[in-house]
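To start, the structure under review is shown below, and the notes come after it.
The values are calculated or read from the model by the stated rules, or taken from the named source; none is laboratory data. As the structure is a prediction and not an experimental result, all values here were calculated from the model. Please note: Cβ atoms are built from the backbone with ideal geometry, for glycine as well, and neighbour counts cover all protein chains shown. Keep in mind that these areas ignore ligands, DNA and RNA; they rest on the heavy atoms of the full protein, side chains included. Shrake-Rupley method; radii C 1.70, N 1.55, O 1.52, S 1.80 Å.
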Amino acid sequence: RDNYYDLVVGNPPYLGRKRISNIQYLSKEYPTASFDLYACFLIRGLELCKKGGLSSLLVQRNWLFILSGQALRKELLLQFQLASLFDLENNAFESTGVASCIAQFQNTKPTKATCFLQTKAIFSRPVKNGPFLTKQGLLSQYKYYKKNVSLFQAIPTAPLIYWWDETT
């Protein structure tokens with residue numbers, strides 16, 4: 001049900017455009033996100049949230065930077081508050097090398113800076129003793145950035161390069 005939930009949490013499937021069987025439907029319903037199924041979920045999660053609700057999804061992190069994600073970034077960042085972004089890089093799952101992040105959007109207009117967390121230092125070490133170091137990496141922040149996402153508009157495709165120093 002649209003506009004119903006206080007919180008939406010998920011790990012949507014990663015399925016590129018070429019592997020989606022009903023791409024016409026997604027292109028019509030989610031034109032800015034049809035480059036990958038997970039990207040459509042970023043929008044759908046917010047549709048399910050009531051005003052002020054929070055959508056927190058574990059997704060690939062490529063939407064932050066890729067050219068095909070430009071329209072999605074614009075739509076999301078102009079209409080919703082990116083509350084926080086937790087950059088997991090390549091180690092969200094032990095069995096894959098998929099670069100992932102947890103994007104937390106609030107169903108409100110953007111009014112405040114976004115908290116960006118990075119776990120690279122601990123999280124990217126080889127795991128020798130099973131999942132313990134992975135869990136430790138998730139609980140330990142390496143770097144913390146607080147940025148107003150409007151700063152990214154200074155770059156033509158507006159990639160979310162949150163570690164960017166505004167003075168350069």
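Excluding ligands and nucleic acids, what accessible area in Å² is computed for Lys143 using a 1.4 Å probe, to the nearest 10? Its heavy atoms expose roughly 80 Å² to the probe. Label-to-label distance, Ile23 versus Gln153, with points set 7 angstrom from Cα along the beta-carbon direction: 3.2 nm.
Inter-label distance, Gln79 to Tyr144: 3.2 nm, where each label sits 7 Å from its Cα along the C-beta direction. Note down the accessible area of Lys146, probe 1.4 Å, to the nearest 10 Å². Solvent-accessible area, nearest 10 Å²: 130 Å².
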